[in-house]
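Presented below is the structure to which this report refers.
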Amino acid sequence: MQDSKPVKVSIPIGVKLSTERCPKTQEEEEDMSRVPYASAVGRLMYVMVYTRLDIAHEVGVLSRFMSKPGKEHWTTVEQVFRYLCGTNDYGFCYQGRPGLDIVLDICGFVDANWVGDLDQRRPTSGYLFNLFGSAVSWMSKKQSVVALSTIEAKYMAATHASKEAVWLQRLCSSMGLVQGAIRIYYDNQSAIFLAKNLAYHSETKNINV
């Protein structure tokens, strides 16, 4: 794919992958058996873990069809590779500070889509934590609980981000670095109010933990 035509979008808007696109006939299965789908997704995962957090969501979605990928799934894999070809100059840029300042300022961003998985109807959570001007921790993962509203999906996503924030705070402390409360930004006012209201709320009935 290194000589393929570069693109600026990894997955075009409107493309929604599901098991409906998996092979339905033996002939289709034989055709897809010749495609190195698992190997290609594994390579994308390797790149995503180390430097390309911008394809974390795509890798998570494509990994759901490892056992029985279809032609549209493979086309999307090729699209992601073309995206990497067109953006191979992307990278992290950390901005150091003068002196021996041990006070850190980590901030996080979190979001979720409501029904990202068309098969199991579960939301997909994502978070990103920045330090010194660039990312130090990120995640895109399908949630284990079905959400009944956008509020619940974003509330659960903020929970995952909060756990990561606590871990980062303890990591900094163990290294002798000072990190106070970590700011986490997300864009749903109702979910923010729900997080601040400790009283029992009907919107959280189906959230077991």
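The values are calculated or read from the model by the stated rules, or taken from the named source; none is laboratory data. Predicted model, so just to flag it, every value in this text is computed and none were measured. Every residue, glycine among them, receives a Cβ derived from its backbone with ideal geometry; neighbour counts consider all protein chains shown. Calculation scope for accessible area: heavy atoms of the full protein, side chains included, ligands and nucleic acids excluded. Shrake-Rupley method; radii C 1.70, N 1.55, O 1.52, S 1.80 Å.
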**OP:** Would you mind telling me the share, in percent, of accessible area of the chain contributed by carbon and sulfur at probe 1.4 angstrom?
**Re:** 55
Original post:
Of LYS142/LYS163; LYS68/LYS141; LYS16/LYS163, which pairs sit farther than 27 Å apart, going by alpha carbon to alpha carbon?
Top reply: LYS16/LYS163
**OP:** Would you grab the residues whose amide H sits under 5 Å from the one on GLN179? Only those 5+ places off in sequence or on another chain, please, with H modelled 1.01 Å from N.
**Re:** LEU104
Original post:
According to the Cα gyration tensor, what semi-axes, each the square root of 5 times an eigenvalue, does the equivalent ellipsoid of the range 47-144 have, listed from largest to smallest in whole Å?
Top reply: 31, 18, 8
Original post:
For the range 118-133, what does the Karplus curve 6.51 cos²θ - 1.76 cosθ + 1.60, with θ = phi - 60°, yield as ³J(HN,Hα) per residue in whole Hz, taken in order and with x for Gly and Pro?
Top reply: 6, 7, 9, 6, 9, x, 10, 9, x, 9, 8, 10, 10, 8, 6, x
Original post:
Out of these labelled values of Cα Rg over 2.2 N^0.38 Å, [x] 1.18; [y] 1.03; [z] 1.07, which was calculated from the coordinates shown here?
Top reply: [x]
Subject >> Using a Förster distance of 41 Å, the FRET efficiency for GLN2-SER190 (Cβ separation, nearest 0.05) >> reply: 0.35
Original post:
How long is the gain from TYR90 to LYS141 if the chain were fully straight, where each residue apart is worth 0.36 nm and the alpha carbon distance is subtracted?
Top reply: 16.1 nm
**OP:** Starting from the Cα of LYS24, draw a straight line to each of the aspartates and glutamates and keep only those under 18 Å, dropping any in the same chain fewer than 8 residues away.
**Re:** GLU72, ASP119
Subject >> Protection proxy ranking of 188-194, 124-130 - average other beta-carbon atoms within 10 Å, highest first >> reply: 124-130, 188-194
